[in-house]
Amino acid sequence: MRIRKIAEPMYSTLTHTSNTAVDLEDDDFRRLRDFIKEYSGIFFSDEQKYIFVSRLTSRLGIRKLNSFKDYYFFLKYDKEREDELSIVVDLLTTNETYFFREILQLKALFEEIIPIIKAEKSYISRPSLRIWSAGSSTGEEPYTVSIMAKEYGIDKDFNIEIYATDISQRVLSISRKGIYGNASFRVTDEYYKKKYFEPYGDKLKIKDEIKNMIKISHINLMDSTVINLLSSMDVIICRNVLIYFDLESKKKLIEKFYDKLGSNGWLLLGHAESLINITSLFKLVQLKNDLVYRKPQK
Ligand SMILES: C[S@@+](CC[C@H](N)C(=O)[O-])C[C@H]1O[C@@H](n2cnc3c(N)ncnc32)[C@H](O)[C@@H]1O
């Protein structure tokens, strides 16, 4: 008798690459969405299964897989899993952002918070000022901070370091190029466009003096080991990111932010986000321009 040795394929392959609807059993859905939640913090409830399926179905064809069960194993074990997870996060979140978004909060940063930090560090000549845009998407948020730092002359008072991080390699590569179309400038004054950008076809490119002020890197906010390597921050800006997370991931992240902030450090969240029911580690501070969170002095 001839024994045929057949290597068990880890994933069965598709004979077609169409995007036709693919069934996802409830158990398989929960296993896959919990895995994605563990990885990224991004959570889809049972009621959101339909959106989850519709956003990810095309990936099965692209990766030549037959089912979401196969996709789960791909995300878990394949050597290209990190690349694919980055795409999954892109598909499950929006990268919506633009220059000078939620401007009152940024005014609060430059007109109220930074002067307080300056007074607190007045015993040091030219102290450091570290600002972290966590979940920076395509870069408009950290570049706005750099532009405002120039406009307010903050870069003369401090050794300013602005960190821009995101889980998506795609958006980070756009940040690195620094080229933006109209949608990014929906609330930007002509003054800033002329002063800090140069024409690039029908788009605008950020000038090097602004670009060089930010350090761009890939960080998954659920990855504590990498976050631990960052320096201590004066200000963390994490806007419109927590909205995608489940409660457990929000708690984990906010505790990490607490550890990463220096004594008296500031945490700026998006207007739709708050720490109610998440933590009482921070105190809420009413400034003239906005409400923000602050780490209490020990
Ligand atoms: C809506 S954008 C917010 C951009 C910017 N902060 C703003 O408010 O304009 C949300 C960003 O969070 C990023 N994100 C989601 N989960 C993340 C995670 N676990 N780690 C790092 N970034 C994450 C997404 O890739 C996306 O670029």
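Scan the stretch 178-187 and give yes if some residue there is modelled with pLDDT of 95 or more, within 12 Å of the ligand (Cβ to nearest atom) and farther than 16 Å from ARG101 by Cβ, otherwise no. Within the stretch 178-187, not a single residue is modelled with pLDDT of 95 or more, within 12 Å of the ligand (Cβ to nearest atom) and farther than 16 Å from ARG101 by Cβ.
Hey, among the residues in the stretch 240-261 that are more than 25 Å from PHE100 (Cβ to Cβ) and either of a type in the set (Asp, Glu) or touching a strand residue (DSSP E or B) at 6+ places or on another chain (Cβ under 6 Å) (or both), which one's surrounded by the most Cβ atoms within 10 Å (Cβ to Cβ)? If we take residues in the stretch 240-261 being more than 25 Å from PHE100 (Cβ to Cβ) and either of a type in the set (Asp, Glu) or touching a strand residue (DSSP E or B) at 6+ places or on another chain (Cβ under 6 Å) (or both), then LYS260 is surrounded by the most Cβ atoms within 10 Å (Cβ to Cβ).
Filtering the stretch 118-133 for residues that are surrounded by 20 or more Cβ atoms within 10 Å (Cβ to Cβ), within 16 Å of the ligand (Cβ to nearest atom), at pLDDT 95 or above and more than 19 Å from ASN212 (Cα to Cα) leaves an empty set. Between LYS107, LYS79, the distinction of being away from the ligand (no atom under 15 Å from the Cβ), over 22 Å from THR188 (Cα atoms) and either assigned to a loop (DSSP other than H, G, I, E, B) or charged (D, E, K, R) (or both) belongs to LYS79 only.
Residues in the stretch 275-298 that are polar (S, T, N, Q), surrounded by 11 or more Cβ atoms within 10 Å (Cβ to Cβ) and at pLDDT 95 or above: 1 in all. Does SER136 qualify as being under 20 Å from LEU269 (Cβ atoms), in the same structural domain as GLY262 (by TED's automatic domain parsing) and outside any helix (DSSP H, G or I)? Yes: the conditions hold for SER136. Does LEU172 count as more than 10 Å from the ligand (Cβ to nearest atom) and part of a helix (DSSP H, G or I)? No, not satisfied. Name the pairs: first residue in the stretch 71-94 and without any contact (Cβ under 8 Å) to a residue 12 or more places away in the chain, second residue within 15 Å of the ligand (Cβ to nearest atom) and not small (Gly, Ala, Ser), Cβ to Cβ under 7 Å, at least 6 apart or on different chains? Pairs that qualify, where the first residue is without any contact (Cβ under 8 Å) to a residue 12 or more places away in the chain and the partner is within 15 Å of the ligand (Cβ to nearest atom) and not small (Gly, Ala, Ser), are ARG81/LEU75. The number of residues in the stretch 21-50 being assigned to a loop (DSSP other than H, G, I, E, B) and surrounded by fewer than 15 Cβ atoms within 10 Å (Cβ to Cβ) comes to 4. Highlighted here are the helices (runs of 4 or more DSSP H) found entirely within the stretch 207-298 that include at least 1 residues which are within 13 Å of the ligand (Cβ to nearest atom): 224-228, 247-260.
The values are calculated or read from the model by the stated rules, or taken from the named source; none is laboratory data. Here the structure is a predicted model, which is why all the values come from computation and not from measurement. No Cβ is skipped: glycine too gets one built from the backbone with ideal geometry, and neighbour counts run over all protein chains shown.
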